[in-house]
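Below is one structure, written out as structure tokens; comments come after it.
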Amino acid sequence: MRPSIHCELVNGPFGDPAVYADIMFERRALLFDLGDIRELPPRKLLRVTHVFVSHTHMDHFSGFDHLLRLMLGREKTIALYGPAGFIDKVGHKLQAYTWNVIQNYAGNLVFDVYEVHDNGTLRNARFRSLSVFQPELQPDLHIKDDELTSCGAFKIRCAVLDHGIPCLGFALEEAAHVNVWKTKLDQLGLAVGPWLRDLKHAVLTGAPMNTPIRALKRSADGVMPVTLPFRDLCGLVQITAGQKIAYIVDVRYHPSNAERIQHLAFGADLLFIESPFLEADSAHAARKNHLTALQAGTLAAHAQVKQFLPFHFSPRYTDRGEALLEEAMRAFSGALKNAAIADG
Ligand SMILES: [Zn+2]
């Protein structure tokens, strides 16, 4: 099955956190955290429509300036999500610069900024380059069932976690995964092409059966456009469960956090989870409000994720990244075994 989300840990396990999630068939990308993002080429960054920031410690947020520098002057709207206080933090970053000529720029760059409060309130404000990035407060929204937002065929859920300060965990969920049967396409004499995106969209949004779809038909002269009703084409696709990606960084290990993380990440195909310290240094990890690799592996196992990627390694283990990885993986398989024994 060809995945529709391709995730990339931008700076490897020791670098500043940032995960680039490329949603290939929607020609857009999402970013989880805004650490150092200079490794991402501009063509990739320009696809970004949504940015989810766990918290504004510098290693998770300093990349905002790079994003701003690249987007400035373009006609573009970017949604930014973060924890309580996030609107002010973005506002301060924007007001750090001098904008006396910004209204001469061709494109209006817009940041729609949302901050998540533990009671489910979603405060939000708009910053437009045309208005010299002065905050324009919008009416409060409310999060229902942890669902922060949706974009295209995806929804993003979040949990407010404890890192000494509020820190957000995120899960990106695809509504369903749509695959096209190439053999059935051939049998109908249809050609692959961008129209398959419309077909997939019709499937995912439950379009009426008489919805016209502009397809491509093979003929002796090459490929010709043809309009067919959705009912004639829906058999070309197979729907399977969508992908789920979860992202957890900078959290203390305690029952309330563990419960929220397991609920958010449950059954994920891939979990990115911080593993900064070895269990031997657990007192230090707790003092700094972080997980150990063993705790990360245990959480991943209890959340029954299919795959997990430990990252955000502390520089104190620069030559010992393998040890963190091994400890996390051992905890993952060990906890799974213990769970199986307990169930049995
Ligand atoms: Zn932090």
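What is segment 248-341 by shape, rounded, prolate or oblate, if you read a ≥ b ≥ c off the alpha carbon gyration tensor as root eigenvalues and call it rounded for a/c under 1.5, prolate for a/b larger than b/c, and oblate otherwise? Don't skip to the end; give the middle numbers.
Working: a/c = 1.65, a/b = 1.36, b/c = 1.21.
It comes out prolate by the Cα gyration axes.
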Under Karplus coefficients 6.51, -1.76 and 1.60, residue-wise ³J(HN,Hα) of segment 159-166 in Hz, glycine/proline x: 9, 8, 10, 9, 10, x, 10, x
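Taking Cα atoms of segment 1-174, Rg/Rh with Kirkwood Rh, to two decimals?
Values: Rg = 15.6 Å, Rh = 16.5 Å.
Rg/Rh for segment 1-174 comes to 0.94.
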Integer Hz, Karplus 6.51/-1.76/1.60 couplings in order for segment 184-194, x for Gly and Pro: 5, 4, 4, 4, 8, x, 9, 9, 5, x, x
Net charge within 12 Å of residue 148 by Cβ-Cβ distance, Lys/Arg positive one each and Asp/Glu negative one each, not counting residue 148 itself? -2
Which listed pairs, of 44/93; 44/144; 155/200; 76/144; 76/217; 200/244, have C-alpha distances above 26 Å, in listed order: 44/144; 76/144; 76/217
Find the Rg to Rh ratio for segment 114-174, where Rh is the Kirkwood radius over alpha-carbon pairs and Rg uses the same atoms. 1.04
Report, largest value first, the span of the C-alpha coordinates of segment 163-265 along each principal axis, in whole Å. 67, 25, 21
Using just the alpha carbons, could you tell me how many Å³ per residue the convex hull of the chain encloses? 180
Between segment 136-202 and segment 240-304, the alpha-carbon center distance in angstrom: 23
In Å and whole numbers, how far do the C-alpha atoms of segment 1-43 stretch along each principal axis, longest first? 31, 22, 14
Which of 24, 58 has the fewest other C-beta atoms within 10 Å, and how do the rest follow up to the most? 58, 24
Cα-based Rg and Dmax for segment 69-168, in Å, come out at 14.8, 43
Within straight-line cross-link reach of residue 184, aspartates and glutamates at Cα separation under 20 Å, skipping those fewer than 8 residues along the same chain: 198, 232
Given H placed 1.01 Å from N in the peptide plane, which residues other than close sequence neighbours of residue 54 have an amide H under 5 Å from its amide H? 33, 34
By Cβ neighbour count within 10 Å, fewest first, 53, 226 rank 226, 53
Each label point is 7 Å from the Cα along the Cα-to-Cβ direction; what then is the distance between the points at residue 74 and residue 44, in nm? 1.4
Expressed in angstrom, Rg and Dmax over the Cα atoms of segment 61-116 are 11.6, 34
Residues in segment 96-133 that a label on residue 65 would reach, taking backbone N under 16 Å of a point 7 Å out along Cα→Cβ: 96-99
Please rank 219, 275, 314, fewest neighbouring Cβ atoms within 10 Å first, as an exposure proxy. 219, 314, 275
Whole-Hz ³J(HN,Hα) from phi, Karplus 6.51 cos²θ - 1.76 cosθ + 1.60, for segment 210-224, glycine and proline x: 8, 4, x, 10, 8, 9, 10, 10, 6, 8, 4, 8, x, 10, 10
Name the long-range amide H neighbours of residue 211: under 5 Å, sequence gap of 5 or more, or other chain; modelled H, no Pro or chain starts. 230, 231
Grab the DSSP H runs of the chain that are 4 residues or longer, score each as -39,500 (n - 2.57), total them, divide by all residues and round the 222 nm result to the nearest 500 deg cm²/dmol. -8000 deg cm²/dmol
Around residue 48, which amide H atoms from residues at least 5 apart in sequence, or from another chain, sit under 5 Å from its own amide H, with H modelled in the peptide plane? 29
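Here, each number is a calculation from the coordinates, and none is a lab measurement. Predicted model, so just to flag it, every value in this text is computed and none were measured. Glycine gets a Cβ as well: all are built from the backbone with ideal geometry, and neighbour counts include every protein chain shown.
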